[in-house]
Amino acid sequence: MSRIPVILDTDPGIDDAAAIAAALFAPQLDVRLLTTVAGNVGIEKTTRNALQLLHFWNRDIPVARGAASPLVRAPGDAASVHGESGMEGYAFVEHQRQPLALPAFEAIYQQLQASDEPLTLVAIGPLTNIALLLIQYPDCVAKIKRLVIMGGSAGRGNYTPNAEFNIAIDPEAAAKVFASGLEIVMCGLDVTNHALLDPLYLAQLPEINRTGKMLHALFSHYRSGSMSRGLKMHDLCAIAWLVKPELFTLQPCFVAVETHGEYTAGTTVVDIENRLKRPANVQVALQLDVAGFQAWVAQVIALAP
Ligand SMILES: [Ca+2]
């Protein structure tokens, strides 16, 4: 089986940690680079968290530190959901790992240039690094097979009434990315709000392996859903789509990102009924096979140490 080569841009983040686990241990994927971005918490913390996770799994995938703040706006965060550290709840051991000496968008470009096949980008944080890549290296589009994101919503938001967190933190970056001509798959709240791990599975996690034990400790501090009603695994959806696209129903749509609205900045305007008569630029995930998703998560976590 030829594995899909992937660059993963992330802001760990507790659901990011679960997504990184799945990306590393799904046999279908070959993670070439992790890049970090400010989002759930600041860039120092998301970078530290990414390195801690790779150390936990003893994996030597390079990490590049990305943007410390959005393109034009002041940083926001989601420490209320993920804890002050961004990955509250587990005592990771000390290590000497360091990020690469070059910024994320440069590291991504180098990977794209070095690869003899187009690479898949997966972005599960704000889209700042991807926008910087497109601004600095417009020629990179030809080297990117597709961009799979966790972000946006065709309905309501989870950060402001209409905007999803990853897009709301850096609407200008998202607007740039959505208008880039890249092939984009958007796993937004329309599917991720349903991507629940149920209480029964969550309770079993510590018995499965040390990854399960670690994730269970993090999940106990995660505030998107609850351990007793189920937790929303937003970021895992982007990885799930790559490995199990048959679990998702996609619709090609024109999607624009609102950057000027007084109350609506960061809203993804998803033209499901084609009212604007504009060509589709995004494959929008609108439905998820929840039971299939849960079965896949259990399968892939069991493959981890
Ligand atoms: Ca994330």
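The values are calculated or read from the model by the stated rules, or taken from the named source; none is laboratory data. Because the structure is a prediction, the values reported are computed rather than measured. Here Cβ is always computed from backbone atoms with ideal geometry, including for glycine, and neighbour counts include all displayed protein chains. Just so you know, the surface numbers come from the protein's heavy atoms only, side chains and all, with ligands and any DNA or RNA stripped out. Shrake-Rupley method; radii C 1.70, N 1.55, O 1.52, S 1.80 Å.
Data table
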| item | result |
| --- | --- |
| Those residues of segment 104-119 which are buried (at least 20 other Cβ atoms within 10 Å of the Cβ) and either more than 20 Å from the chain's Cα centre (by Cα) or more than 14 Å from VAL31 (Cα to Cα) (or both), in sequence order | ALA104, PHE105 |
| Selection status of PHE25, open to solvent by 10 Å² or more (accessible area, probe 1.4 Å), aromatic (Phe, Trp, Tyr) and farther than 19 Å from SER220 by Cβ | yes |
| Within segment 11-35, tally of residues that are closer than 16 Å to PHE165 by Cβ and of a type outside the set (Gly, Ala, Ser) | 5 |
| Verdict on THR192 being of a type outside the set (Asp, Glu) and more than 18 Å from ILE14 (Cα to Cα) | no |
| Complete set of residues in segment 140-162 that are open to solvent by less than 10 Å² (accessible area, probe 1.4 Å) and part of a strand (DSSP E or B) | LEU147, VAL148, ILE149, MET150 |
| Conditions (1) within 17 Å of PRO245 (Cα to Cα); (2) in a loop (DSSP other than H, G, I, E, B); (3) not hydroxyl-bearing (Ser, Thr, Tyr): number failed by VAL185 | (2) |
| Residue ID - farthest from the chain's Cα centre (by Cα), chosen from residues in segment 12-53 that are within 16 Å of the ligand (Cβ to nearest atom) and in a loop (DSSP other than H, G, I, E, B) | GLY42 |
| Subset of segment 210-223 (residues that are touching a helix residue (DSSP H, G or I) at 6+ places or on another chain (Cβ under 6 Å) and open to solvent by 20 Å² or more (accessible area, probe 1.4 Å)) | LYS213, HIS216, ARG223 |
| Odd one out for ASN58, checked against (1) in contact (Cβ under 8 Å) with a residue 60 or more places away in the chain; (2) on the phi > 0 side of the Ramachandran plot | (1) |
| One residue from ALA79, ALA67 being away from the ligand (no atom under 12 Å from the Cβ), open to solvent by 10 Å² or more (accessible area, probe 1.4 Å) and at pLDDT below 95 | ALA79 |
| Condition met for LEU100 (without any contact (Cβ under 8 Å) to a residue 40 or more places away in the chain, more than 15 Å from the ligand (Cβ to nearest atom) and not polar (S, T, N, Q)) | yes |
| Pairs with Cβ under 8 Å, 6+ apart, first in segment 145-165 and basic (Lys, Arg), second open to solvent by 40 Å² or more (accessible area, probe 1.4 Å) | LYS145/GLU117; LYS145/PRO118; LYS145/GLU183; ARG146/GLU183; ARG156/ASN162 |
| Test: residue in segment 87-101 that is in contact with a Leu (Cβ under 9 Å, 6 or more places away or on another chain), of a type in the set (Lys, Arg) and part of a helix (DSSP H, G or I) | no |
